[in-house]
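Participant: If you scroll down you'll find the structure; I have some questions about it.
The values are calculated or read from the model by the stated rules, or taken from the named source; none is laboratory data. Quantities reported herein were computed from a predicted structural model and do not represent experimental measurements. Counting neighbours? That spans all protein chains shown, and the Cβs are built from the backbone with ideal geometry, glycine included. Calculation scope for accessible area: heavy atoms of the full protein, side chains included, ligands and nucleic acids excluded. Shrake-Rupley method; radii C 1.70, N 1.55, O 1.52, S 1.80 Å.
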Amino acid sequence: MKQRLKLRKSSNDAIKSKLLFVIRIHGSKDMHPRTRQILNKLRLRHILSGVFLKANEANLRMLLTVEPFITYGYPTLKSVRELVYKKGCGNIEKERTPLTDNNVIEQALGKYGIICLEDVVHEIATVGSHLKEVTSFLWPFKLKCPERRLQMKKKLYKEGGDAGNREDHINELIDKLN
């Protein structure tokens, strides 16, 4: 874990997008307690659950710490829209509620000027000023298992595994899992 962080400090990768989509791909065996704590902080408690994150230095350091257990990349507007419309559920009174009605969104996020599902998509895709409130309102996305199962290898995506930064290739994975 410490070696990955040191490598990250030495190689300053340019952030290509302000938005990240993170998917947990690996289980909880042989996991350090600090890693489990970070995954809980990211709200990735189950395998094949996904969340949107703002791409800042603090989040990238957390992702690098838990990199063998997750995959992440830069989603397009099309992928964001498909995920929110198809798998989107809201956190209303600590219960998972499907986003089928705009009244549900207006009651929860109306004070931020977000009144419909398209406003939620716009806020996420453009990384607006209320992204944190919108993503905390959205329940983590439960993705389905693909027909060709992931290899579930802890190797990095660049080295032929599934974990780590996929950059723009995350959109192909989202299509398979959606």
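Participant: Got at least one residue in the range 103-117 being charged (D, E, K, R) and closer than 25 Å to Asn178 by Cα?
Facilitator: The answer is no; no qualifying residue exists.
Participant: Here's something else I'd like to know. Could you name every one of the helices (runs of 4 or more DSSP H) located completely within the range 85-152 that has at least 2 residues being in contact with a Cys (Cβ under 9 Å, 6 or more places away or on another chain)?
Facilitator: Those helices (runs of 4 or more DSSP H) span 102-109.
Participant: When you look at Gly88, is it touching a His at 6+ places or on another chain (Cβ under 7 Å) and within 28 Å of Ala163 (Cβ to Cβ), yes or no?
Facilitator: Judged against the criteria, Gly88 is not a match.
Participant: Something else now. Could you give every pair whose Cβ atoms fall below 7 Å, whose first residue belongs to the range 76-92 and is in contact (Cβ under 8 Å) with a residue 60 or more places away in the chain, and whose second residue is assigned to a strand (DSSP E or B) and open to solvent by less than 10 Å² (accessible area, probe 1.4 Å), counting only separations of at least 6 or pairs across chains?
Facilitator: That search, which allows pairs on different chains as well, returns Leu83/Phe141; Lys87/Phe141.
Participant: Still on this structure: Restricting attention to the range 52-65, does a residue exist that is more than 18 Å from the chain's Cα centre (by Cα) and over 24 Å from Asn178 (Cβ atoms)?
Facilitator: No, the range 52-65 contains no residue that is more than 18 Å from the chain's Cα centre (by Cα) and over 24 Å from Asn178 (Cβ atoms).
Participant: When the residues of the range 54-113 are narrowed to those that are touching a strand residue (DSSP E or B) at 6+ places or on another chain (Cβ under 6 Å) and loosely packed, with under 13 Cβ neighbours inside 10 Å, which ends up nearest to Lys41 (Cα to Cα)?
Facilitator: Among those that are touching a strand residue (DSSP E or B) at 6+ places or on another chain (Cβ under 6 Å) and loosely packed, with under 13 Cβ neighbours inside 10 Å, it is Arg96.
Participant: Let me ask another. Residues being at pLDDT 75 or above, open to solvent by 70 Å² or more (accessible area, probe 1.4 Å) and closer than 22 Å to Gly73 by Cβ: count how many of those fall in the range 15-39.
Facilitator: Selection size over the range 15-39: 1.
Participant: Got a number for residues in the range 126-152 being open to solvent by 40 Å² or more (accessible area, probe 1.4 Å) and either at pLDDT 75 or above or touching an Asp or Glu at 6+ places or on another chain (Cβ under 6 Å) (or both)?
Facilitator: Residues meeting the conditions: 11.
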